Amino acid sequence: MSHFGFVAPAFPSHYRALEAVAAVLIGRGHRATFFGRPDAASLLSDPGIGFEPVGADTHPPGTLAATLRRAAHPGGPLGLRRVIQDVAGATDMLCRTLPAALDRTGVDALVCDQMEAAGGLVAEAAGLPWVSVACALPVNREPGLPLPVMPWAWASDDQAARLYEGSSRVYDLLMGPHRRVIERHAAGFGLAPRGALHDCLSPYAQISQTVAAFDFPRRDLPAHFHHVGPLRHAGGAAPLDLDLAPGRPFVFASLGTLQGQRLNVFRRIATACRRRGAQLLLAHCGGLTPAQADALRVPDEVWVTDFAPQQAALARADAVVSHAGLNTVMDAFVAGTPILAMPIAFDQPGVAARVVQSGAGLKASPHLAMPTQIAARLGRLLDEPAFAGHARRLGDAVRAAGGAPRAADLIEAVAATARPVLADAA
């Protein structure tokens, strides 16, 4: 049996996805250990998964909460620069500390989140086989496609190509601090020059939580790229304990783990649902105070909770209002639930653009959309069955993709052979 190491940015959704894969591997008799800053241990819920803290000198216990707050609310240019510095600092810390930690723990292969360059750099330098996992939209670049963090729709004309190229240049300029860290450690490890996330991906296997039918048209994915769909724990979903009135539409709304403190956005969503005569369940993921949650509640009309059983809520909902987090969107497809995407940060603008392109939903600005506009777009989702039809079509593709067990198959194959696992041969 093998010992698999996991390297990922310390974000809850990324740890949850990779934890599901680790649980499958453990169930097959392997060992799994996550490597990260000490605070990241709190992001794991499975006691069978090991955790090896690293980097306490620069990332001591008690500092992760502030990092997550900055990521959720980057603010203006200075705030965005601080977030980029946090990303660069995490990569630098892992490149410094991972080699000794891997030697100390006897890891046989690495499973590396695409969003953390250190995993691929250290694995290549150590001569370990590794697998790259896209827990967010894939960072693989292609000419004629916008970066996943960009809100652009897909088009194939010259104007769109210029827009994609120009926005990529701006992004690369902003990511200069991260690029310099990658360049420095690649040189220090004796690796070929590189400077971005997409330069640090596995030559053995690359795994994505998406399905091909959801992404923009791609022509240049590597032969060892695998769409496996959402990485979820096995087991039945918790039930939705809610006394809903029959005959009235039901809307589920969540802005994810990091953005759940946006009271003003929740207020506008609640007002819009009341105007449409829809019942609403709001899940703020611990972002609101008890007083704020109470202010949103309306008996038998608006329910407010910290965490809801998302899969059960989506299965019952007639529409979902989401920050366009990839996890929520994939779960909505499985449930056949149309989506009103209100993207806030990270790859959410790119996910929202793909939701619209797929026909499974609409999007609105979380900053500018007023209740009237939100109500109008919810009305379309509730009244036009084509949106739910497109969501169900994508849900069929998600169910057939294989999920965490398929990802574990690919990881095992890489560890056993140290050779590329091709998509058409997997």
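The values are calculated or read from the model by the stated rules, or taken from the named source; none is laboratory data. Here the structure is a predicted model, which means the values were calculated and not measured. Backbone-built Cβ (ideal geometry, glycine too); neighbour counts: all protein chains shown.
Values as computed for the structure displayed
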| quantity | calculated |
| --- | --- |
| Filter pass, ILE339 being surrounded by fewer than 24 Cβ atoms within 10 Å (Cβ to Cβ), of a type outside the set (Lys, Arg), within 23 Å of PRO12 (Cα to Cα) and in the same structural domain as GLN261 (by TED's automatic domain parsing) | no |
| Qualifying position, being assigned by TED's automatic domain parsing to the domain that holds CYS112, touching a residue at least 60 places away in the same chain (Cβ under 8 Å), buried (at least 17 other Cβ atoms within 10 Å of the Cβ) and among the small types (Gly, Ala, Ser), among ALA153, ALA205, ALA212 | ALA205 |
| Test for THR33: is it outside the structural domain of LEU258 (by TED's automatic domain parsing), closer than 22 Å to ALA123 by Cβ, surrounded by fewer than 16 Cβ atoms within 10 Å (Cβ to Cβ) and touching a residue at least 24 places away in the same chain (Cβ under 8 Å) | no |
| All helices (runs of 4 or more DSSP H) inside region 310-426 with 3 or more residues being more than 28 Å from LEU145 (Cβ to Cβ) and either in contact (Cβ under 8 Å) with a residue 12 or more places away in the chain or touching a strand residue (DSSP E or B) at 6+ places or on another chain (Cβ under 7 Å) (or both) | 310-316, 371-383, 403-417 |
| Residue list for region 53-85, filter: of a type in the set (D, E, K, R), under 18 Å from the mean Cα position of the chain (by Cα) and either exposed (fewer than 14 other Cβ atoms within 10 Å of the Cβ) or under 20 Å from GLU183 (Cα atoms) (or both) | ARG69 |
| Any chance GLN348 is under 20 Å from the mean Cα position of the chain (by Cα), crowded, with 20+ Cβ neighbours inside 10 Å and not basic (Lys, Arg) | yes |
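Here's the yes/no breakdown for (1) surrounded by 15 or more Cβ atoms within 10 Å (Cβ to Cβ); (2) in contact with a helix residue (DSSP H, G or I) (Cβ under 7 Å, 6 or more places away or on another chain); (3) small (Gly, Ala, Ser); (4) not assigned by TED's automatic domain parsing to the domain that holds HIS14:
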site	(1), (2), (3), (4)
PRO366	yes, yes, no, yes
PRO371	yes, yes, no, yes
LEU378	yes, yes, no, yes
LEU381	yes, yes, no, yes
PRO385	no, no, no, yes
GLY389	no, no, yes, yes
ARG393	yes, no, no, yes
ALA408	yes, yes, yes, no
